[in-house]
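K.L.:
Below is one structure. I have some questions about it.
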Amino acid sequence: MKIKRPASQYFSRNAGGQPGVFDPTYATAEIKGLLGKYAQAEQFLSGVGLNPDTYPEKGYAPFTHPLVGALNSTNATITNTAGHANATGATTPNATSASNTTGNVTLASSHSQFFLLPFVEKNMNQPPQPVVQFPGTAQMPLTDDMDGNMDILYYGDLAFGSQSQTLTVDIDTGSADLWVPVNCRSCGGDAFRASNSDTYRNLGQRFSVSYGAGRVSGTLAQDTVSVGSLSVVQQTFGAVKSESEDFYDEPSDGLLGLAFGSIAQSKRPTFFENLMTSKQLASGAFAVHLQRGQVDGSEVCFGCFDTTKAVGPITWSPVVSRTYWSLELGFLSTTQWKGIPVNLTAAIDTGTTLIYVPDDVASQFYALIPGSMVAMQYGPGFYSYPCDTTLAITLTFGGRAYGVDPVDFNLGRTSADSSDCVGGVLALGEGFPDNLAIIGDEFLKSWYSIYDYPGNRVGFALSVNNRDPP
């Protein structure tokens, strides 16, 4: 999801590394955008109004990673391995340790020949190893669009048409449509020049997507869309002719939805689903690495798992609805000893920056932090807490607890001389299902995430972001 660039920094850190002053501009805009993005969430999660599920993963085996072990135990607490008491880690009694082996690993499926990029044993402080590309996989490098020290959104390159024109797209696991501007002079970014493509076809059907106050509209079109060596012929996408001003200042041109096609406004399969259907992929899974505070280094690995981006075992949680990449969120905790049961459906959303929960859950969560209070000066949904509070915030999916780095949770001080900071768990407010949580990049920067269609699950492995700095 794309949001208009705020006029000032979201927040920053001073020379001593302490959080700067919080600016609510972006977070306020994001909440409004989510209201449009998740307007149909309640009916979708109830199985109403969905497009038919084509099960594009037929013929693919669930992901198996013999070197970075999958955990099958329940109630396995993820603990710190990076030397940061309140950060994240990935050690559990049943974790399978990586070996010293270097080489390629294959899966049992006939369409899983080169799922793993070359594996090298990981030391937490060992520099990442070079990655080699294999057939049936494609890596999309992502640019981290930052505002101050805040990671706002991540975008990468897709090629369109017979001339392979490159456009940039936000990576969004919280929606299922692909759209880019086409012959649009009034749009903020670059536009696809349809007249230069011999394979472009305008379907003439209206297309529009709303993001709160923001909206894009146009018609549906088809053309060849490619990433690396992977291409979909006649991929349906939104040919946007009009954008609201919320999109004018964005660094990227369009959006690539990676949720299930059952919720696509176009009512057509997604780009990744078409790659699976055409049996081009080495695996029916993709993985996402989101860098923290660095323009370069993030990526999407289509059909592959990049072992240079993870330093711990993978733990899996089943998808509860083939709409969003939705997991059961059982508990929210502020320390090892303080937590609340929540029983929410959590959408794992790379297109959202922060973490959002229902009003009553946010209230109960902050009640566990002494000295916290509603921060109404920023509008509904915000809470503050004493900056010097020692927190070990975790989210529990499938009986396993995953940490949120305190650097990402702390959004900044309420004023330059204040001892109170704004927390990164926000209340959704009215207009959202009362059982919905939205888990954004604040969480995902600590966890390499794997989205496994054949296994109908999401996996998390400790990200290389948690290595000690050199």
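K.L.:
Output the residues belonging to region 153-170 that are within 25 Å of Arg467 (Cα to Cα) and either surrounded by fewer than 21 Cβ atoms within 10 Å (Cβ to Cβ) or at pLDDT 95 or above (or both).
P.N.:
The initial filter retains those residues of region 153-170 that are within 25 Å of Arg467 (Cα to Cα), namely 153-156.
Gly156 - this is the single residue of region 153-170 that is within 25 Å of Arg467 (Cα to Cα) and either surrounded by fewer than 21 Cβ atoms within 10 Å (Cβ to Cβ) or at pLDDT 95 or above (or both).
K.L.:
For Ala259, state whether it is touching a Ser or Thr at 6+ places or on another chain (Cβ under 6 Å) and either under 26 Å from Ala461 (Cα atoms) or part of a helix (DSSP H, G or I) (or both). Can you show your working first?
P.N.:
Numbers: touching a Ser or Thr at 6+ places or on another chain (Cβ under 6 Å): yes; either under 26 Å from Ala461 (Cα atoms) or part of a helix (DSSP H, G or I) (or both): yes.
Against the criterion (touching a Ser or Thr at 6+ places or on another chain (Cβ under 6 Å) and either under 26 Å from Ala461 (Cα atoms) or part of a helix (DSSP H, G or I) (or both)), Ala259 qualifies.
K.L.:
Being surrounded by 16 or more Cβ atoms within 10 Å (Cβ to Cβ), hydroxyl-bearing (Ser, Thr, Tyr) and not in a strand (DSSP E or B) is the requirement here; does Ser175 meet it? Before you say what the answer is, go through the steps one by one.
P.N.:
On the way: surrounded by 16 or more Cβ atoms within 10 Å (Cβ to Cβ): yes; hydroxyl-bearing (Ser, Thr, Tyr): yes; not in a strand (DSSP E or B): yes.
Yes; evaluated as a whole, the condition is true for this residue.
K.L.:
Which residues, taken from region 265-292, are modelled with pLDDT of 95 or more, under 17 Å from the mean Cα position of the chain (by Cα) and either surrounded by fewer than 24 Cβ atoms within 10 Å (Cβ to Cβ) or outside any loop (DSSP other than H, G, I, E, B) (or both)?
P.N.:
Within region 265-292, Phe271, Phe272, Ala285, Phe286, Ala287, Val288, His289 meet the criteria.
K.L.:
For Tyr385, are the conditions met, namely being touching a Cys at 6+ places or on another chain (Cβ under 7 Å) and among the hydroxyl-bearing types (Ser, Thr, Tyr)?
P.N.:
Values: touching a Cys at 6+ places or on another chain (Cβ under 7 Å): yes; among the hydroxyl-bearing types (Ser, Thr, Tyr): yes.
Yes.
K.L.:
With the requirement that a residue be in a strand (DSSP E or B) and more than 17 Å from Ile152 (Cα to Cα), what does region 395-421 give you? Write out each step before concluding.
P.N.:
So in region 395-421, the residues in a strand (DSSP E or B) come out as 395-397, 400-403, 410-413, 420-421.
Those that are in a strand (DSSP E or B) and more than 17 Å from Ile152 (Cα to Cα): Leu395, Thr396, Phe397, Arg400, Ala401, Tyr402, Gly403, Arg413, Asp420, Cys421.
Yes/no matrix, rows are residues, columns are (1) in contact with a helix residue (DSSP H, G or I) (Cβ under 6 Å, 6 or more places away or on another chain); (2) farther than 28 Å from Ser317 by Cα:
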| site | (1), (2) |
| --- | --- |
| Gln364 | no, no |
| Met376 | no, yes |
| Thr394 | no, no |
| Phe397 | no, no |
| Val404 | yes, no |
| Asp408 | yes, no |
| Ala416 | no, yes |
| Val422 | no, yes |
| Ala427 | yes, no |
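K.L.:
Related question: From Pro128, Pro181, Pro135, Pro118, grab the single residue that is buried (at least 21 other Cβ atoms within 10 Å of the Cβ), at pLDDT below 95 and within 26 Å of the chain's Cα centre (by Cα).
P.N.:
On the way: Pro128 fails: buried (at least 21 other Cβ atoms within 10 Å of the Cβ); Pro135 fails: buried (at least 21 other Cβ atoms within 10 Å of the Cβ); Pro118 fails: buried (at least 21 other Cβ atoms within 10 Å of the Cβ).
Among Pro128, Pro181, Pro135, Pro118, only Pro181 is buried (at least 21 other Cβ atoms within 10 Å of the Cβ), at pLDDT below 95 and within 26 Å of the chain's Cα centre (by Cα).
K.L.:
Just to be sure before I move on: is Leu354 under 21 Å from the mean Cα position of the chain (by Cα), more than 30 Å from Ala264 (Cβ to Cβ) and not hydroxyl-bearing (Ser, Thr, Tyr) in the structure I sent? Spell out the reasoning first.
P.N.:
Details: under 21 Å from the mean Cα position of the chain (by Cα): yes; more than 30 Å from Ala264 (Cβ to Cβ): no; not hydroxyl-bearing (Ser, Thr, Tyr): yes.
When the stated conditions are applied, Leu354 does not pass them.
K.L.:
What residue, among those in region 184-225 that are of a type in the set (Asp, Glu) and either under 20 Å from Gly156 (Cβ atoms) or within 23 Å of the chain's Cα centre (by Cα) (or both), is surrounded by the fewest Cβ atoms within 10 Å (Cβ to Cβ)?
P.N.:
Within region 184-225, the first condition is being of a type in the set (Asp, Glu), and the residues that meet it are 190, 198, 223.
Okay, now just the ones that are also either under 20 Å from Gly156 (Cβ atoms) or within 23 Å of the chain's Cα centre (by Cα) (or both), so 190, 223.
Values: Asp190: 16, Asp223: 24.
The selected residue is Asp190.
Residue-by-condition table, conditions (1) at pLDDT 95 or above; (2) at negative phi; (3) among the β-branched types (Val, Ile, Thr):
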{"site": "Gly399", "(1), (2), (3)": "no, no, no"}
{"site": "Gly403", "(1), (2), (3)": "yes, yes, no"}
{"site": "Phe409", "(1), (2), (3)": "yes, yes, no"}
{"site": "Arg413", "(1), (2), (3)": "yes, yes, no"}
{"site": "Asp417", "(1), (2), (3)": "no, yes, no"}
{"site": "Asp420", "(1), (2), (3)": "yes, yes, no"}
{"site": "Gly431", "(1), (2), (3)": "no, no, no"}
{"site": "Ser449", "(1), (2), (3)": "yes, yes, no"}
{"site": "Tyr453", "(1), (2), (3)": "yes, yes, no"}
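K.L.:
Can you find even one residue in region 205-212 that is farther than 28 Å from Phe44 by Cα and assigned to a strand (DSSP E or B)? Spell out the reasoning first.
P.N.:
Of all residues in region 205-212, those farther than 28 Å from Phe44 by Cα come to none.
Within region 205-212, none of the residues are farther than 28 Å from Phe44 by Cα and assigned to a strand (DSSP E or B).
K.L.:
Test each condition in (1) modelled with pLDDT of 95 or more; (2) in contact with a strand residue (DSSP E or B) (Cβ under 7 Å, 6 or more places away or on another chain); (3) farther than 18 Å from Gly440 by Cα for Gly312 and report the one that comes out false.
P.N.:
(1)
K.L.:
Scan region 191-203 and tell me whether some residue there is under 17 Å from Gly257 (Cα atoms) and outside any strand (DSSP E or B).
P.N.:
Keep residues of region 191-203 that are under 17 Å from Gly257 (Cα atoms), which gives none.
No, region 191-203 has no match at all.
K.L.:
Would it be correct to say that Val300 is assigned to a loop (DSSP other than H, G, I, E, B), aliphatic (A, V, I, L, M) and under 30 Å from Gly156 (Cα atoms)? If you could, list the steps in order and put the result at the bottom.
P.N.:
Details: assigned to a loop (DSSP other than H, G, I, E, B): no; aliphatic (A, V, I, L, M): yes; under 30 Å from Gly156 (Cα atoms): yes.
Answer is no for this residue.
K.L.:
Let me ask something else about it. For Thr353, work out the one condition from (1) within 30 Å of Ala285 (Cα to Cα); (2) at pLDDT 95 or above; (3) part of a loop (DSSP other than H, G, I, E, B) it doesn't fulfil.
P.N.:
(2)
K.L.:
For region 226-246, which residues satisfy the criterion of being modelled with pLDDT under 95 and either crowded, with 18+ Cβ neighbours inside 10 Å or part of a strand (DSSP E or B) (or both)?
P.N.:
Passing the criteria: Val240, Lys241, Ser242, Glu243, Asp246.
K.L.:
Also: Can you confirm whether Leu258 is in contact (Cβ under 8 Å) with a residue 40 or more places away in the chain and under 27 Å from Asp151 (Cα atoms)?
P.N.:
Details: in contact (Cβ under 8 Å) with a residue 40 or more places away in the chain: yes; under 27 Å from Asp151 (Cα atoms): yes.
Yes: the conditions hold for Leu258.
K.L.:
Could you tell me which of the residues Ser326, Ser298, Ser317 is of a type in the set (Ser, Thr, Tyr) and surrounded by fewer than 24 Cβ atoms within 10 Å (Cβ to Cβ)?
P.N.:
On the way: Ser326 fails: surrounded by fewer than 24 Cβ atoms within 10 Å (Cβ to Cβ); Ser298 fails: surrounded by fewer than 24 Cβ atoms within 10 Å (Cβ to Cβ).
When all the criteria are applied, what remains is Ser317.
K.L.:
OK, next. Restricting attention to region 426-448, which residues are surrounded by fewer than 24 Cβ atoms within 10 Å (Cβ to Cβ) and in a strand (DSSP E or B)?
P.N.:
Ala427, Leu436
K.L.:
Related question: Based on what the data block shows, is Leu203 among the aliphatic types (A, V, I, L, M) and within 16 Å of Phe237 (Cα to Cα)? It would help to see each step written out before you state the result.
P.N.:
On the way: among the aliphatic types (A, V, I, L, M): yes; within 16 Å of Phe237 (Cα to Cα): yes.
The answer is yes for Leu203.
K.L.:
Modelled with pLDDT of 95 or more, in contact with a helix residue (DSSP H, G or I) (Cβ under 8 Å, 6 or more places away or on another chain) and over 29 Å from Phe260 (Cα atoms): which single residue out of Ser372, Ser384 fits that description? Don't jump to the end; show me each part of the working.
P.N.:
Working: Ser384 fails: in contact with a helix residue (DSSP H, G or I) (Cβ under 8 Å, 6 or more places away or on another chain).
Exactly one of Ser372, Ser384 is modelled with pLDDT of 95 or more, in contact with a helix residue (DSSP H, G or I) (Cβ under 8 Å, 6 or more places away or on another chain) and over 29 Å from Phe260 (Cα atoms), namely Ser372.
The values are calculated or read from the model by the stated rules, or taken from the named source; none is laboratory data. Every value quoted in this text rests on a predicted model; they were computed, and no experiment measured them. Cβ sites come from the backbone with ideal geometry, for glycine too, and all protein chains shown count toward neighbours.
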